[in-house]
Amino acid sequence: ENTVARIAAGEVVERPASAVKELLENSLDADASRVDVTVEAGGTDLIRVADDGHGMSEADLRAAVREHTTSKIDGLEDLESGVSTLGFRGEALHTIGSVSRLTIRSRPRADGEDATAGAGTELVYDAGEVERVEPTGCPEGTSVEVTELFANTPARRKFLKTTATEFAHVNRIVTRYALANPDVAISLTHDDREVFATTGQGDLQAAVLAVYGREVASSMIPVEATGDELPPGPLESVSGLVSHPETNRSSREYLATYVNDRAVTADAIREGIMGAYGTQLGGDRYPFVVCFLEVLGEAVDVNVHPRKREVRFDDDDAVRRQVDSAVESALLEHGL
Ligand code: ADP
Ligand code: MG
């Protein structure tokens, strides 16, 4: 039974980046104002996500690693549950912990109603079993360390790519969250090198500066189209920043696109963006894009790829036209 559970977990936690995504999401859900993500060897040796969020008591911590436990009310509709989690709620910590060794340190915030929150707790969870729970000194908030990832699922371990590739996946995930949450200070460190750190005090432009650097940030053009400014279709607004056609990279990984604040990818969005640039980019090049789309939940089919964040719209053509139009207007305003 354990073996079956592990195989299932290995299907869900595909690679270090899948764990990073879940841990980062938990930190943001915990109302953190800063989240520090540290990985070693692309996340295969170590993943640590530390936040200053509301933290957990010892009882919370024990519950958090149990199967099917969530403290979050599942009142949100399909888009939320389908796109934002591993596919089922209250499973991430348990699932990651069944294919790795988790060391969680947490201390509840002493502010608010629970002023007696008290000290911290360390819980070690190894391959699906609680190994020990003890009091510890730690700052308010939570830090989750993942080591020995896939040690008990050799087939999955073998499936991992090079450190550079695994880190690229981690980087892409953390980047997307950093750009979508400029009010949270998010940092990423790989093998003792700080890759980026946002301040948590700026706007989208400031987050772009922190993540991509000055050259890209200074070339960004604002996109803002709502309602009547858009052709007919399911999108209510398209906003964000897109780079000058001469500032580009050859990888589509630089397209950070969001539907209702969830990081997603969709062919229609990508094609709409690329269509707006037309031939200005030159072959095989992609712009830097941070683009937020607002849509009525009904118009998105999140079941295309519940884990991979690939979404499809009921009317892909209309979405493509709307995105194309919004980005093209922004470029036109800049004489491009
Ligand atoms: P879900 O996020 O779907 O609830 P998880 O397995 O990711 O499921 O987390 C289980 C529970 O553990 C959460 O509902 C939350 O109560 C608690 N938790 C996890 N990570 C954190 C964190 N960083 N800070 C505070 N609580 C956390
Ligand atoms: Mg979660």
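The values are calculated or read from the model by the stated rules, or taken from the named source; none is laboratory data. On a predicted model such as this, the values are computed, not experimentally measured, just so you know. Cβ coordinates were reconstructed from backbone atoms using ideal geometry, including for glycine residues, and neighbour counts include every protein chain displayed.
Results for (1) small (Gly, Ala, Ser); (2) within 21 Å of Val208 (Cβ to Cβ), shown as yes or no for each residue.
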position: Ser239; (1), (2): yes, yes
position: Asn248; (1), (2): no, yes
position: Tyr254; (1), (2): no, yes
position: Thr265; (1), (2): no, yes
position: Gly272; (1), (2): yes, yes
position: Gly278; (1), (2): yes, no
position: Phe288; (1), (2): no, yes
position: Val319; (1), (2): no, no
Inter-residue pairs, beta-carbon under 8 Å, first more than 18 Å from Lys21 (Cα to Cα) and in segment 180-206, second of a type in the set (D, E, K, R) and surrounded by 15 or more Cβ atoms within 10 Å (Cβ to Cβ), 6+ apart: Asp191/Glu40; Gly200/Arg34
Against the definition (over 19 Å from Ala330 (Cα atoms) and hydroxyl-bearing (Ser, Thr, Tyr)), how does Ser251 come out, yes or no? yes
Taking the conditions exactly as written (within 16 Å of ligand 2 (Cβ to nearest atom), at pLDDT 95 or above and touching a strand residue (DSSP E or B) at 6+ places or on another chain (Cβ under 9 Å)), does Ala64 satisfy them or not? no
Selected residue [under 25 Å from Arg15 (Cβ atoms), away from ligand 1 (no atom under 14 Å from the Cβ), at pLDDT 95 or above and not small (Gly, Ala, Ser)] from Arg105, Arg101, Arg132: Arg101
What's the total number of residues in segment 282-298 that are modelled with pLDDT of 85 or more and either more than 26 Å from Tyr177 (Cα to Cα) or exposed (fewer than 14 other Cβ atoms within 10 Å of the Cβ) (or both)? 0
Enumerate the strands (runs of 3 or more DSSP E) found wholly within segment 148-262, keeping only those where 1 or more residues are small (Gly, Ala, Ser) and under 19 Å from the mean Cα position of the chain (by Cα). 185-190, 193-197, 235-243, 255-259
Might you let me know whether segment 152-170 holds any residue that is at pLDDT 95 or above, closer than 29 Å to Val290 by Cα and of a type in the set (D, E, K, R)? yes
